[in-house]
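Trainee: Take a look at the following structure, please.
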Amino acid sequence: ELISAIEAHLSAQFAHRVKVVESQQLASPHVLLRCRLDGPPQAPQSVVVKQVTATEFTSSKEGASERLLNEWAVLDFLTESGAKTPRLITASRADQFILMEDLGPHPTIIDVVKKAPYAEAAEAVASIGTAIGRMQARTHGRSRRFSTIQADLGTRSRPRYLAKKTSRRWPRRSPTRC
């Protein structure tokens, strides 16, 4: 069912039949697939699809979770800004998925920090910091645009699933004398 929905959305996006020829489940608490495609030259060779399946998050309009809508908004905003992130290709509120550019298999930062030699891990962390700085530079001063994208999707900056955050109170202690 999900593969059929992916093919239908991609075919509509590229105005040509697109077929998923292989899919690989990636590590995630949600459905996260890397799909190899057969389609027209303008279509990517592969995409990553994320479908929210967890029910622990508060849902908003039409049953799509706020987490999915916020991820959709972020990808749309970053794609529009030209930041070096996976581009949003298409998304579906009805099927609750976002479909983005596949940047290929890469180790996670956790894998690099835990398994790579110190110099390689330090270089990876520094390059992530540089990438985040560049992304911030590209998006600086554009918060209204991001809020507009969120509003168009019917979500907001502070999703309800984060609003339940508990505050931690430290016990009061009597002053001690030395």
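The values are calculated or read from the model by the stated rules, or taken from the named source; none is laboratory data. Predicted, not measured: the structure shown is a model, and the values here were computed from it. Here the Cβ is made from the backbone with ideal geometry for all residues, glycine too, and neighbour counts use every protein chain on show. SASA here: full protein model, heavy atoms, side chains in, ligands and nucleic acids out. Shrake-Rupley method; radii C 1.70, N 1.55, O 1.52, S 1.80 Å.
Trainee: Rounded to the nearest 0.05, what FRET efficiency is calculated for Ile3 and Ala119 with R0 set to 30 Å and r the Cβ-Cβ distance?
Mentor: Efficiency, rounded to the nearest 0.05: 0.10.
Trainee: Enumerate by residue number the trypsin sites (Lys or Arg not before Pro) in the stretch 1-35 meeting two conditions: DSSP loop (anything except H, G, I, E, B), and at most 11 other Cβ atoms within 10 Å of the site's Cβ.
Mentor: none
Trainee: Taking all protein chains together and a probe of 1.4 Å, list Asp38, Asp152, Asp111 from the most accessible to the least accessible.
Mentor: Ranked list, largest accessible area first: Asp152, Asp38, Asp111.
Trainee: Here's another thing I want to ask about it. Using a 1.4 angstrom probe and counting only protein chains, how large is the accessible area of Val20 in Å², to 10?
Mentor: 20 Å²
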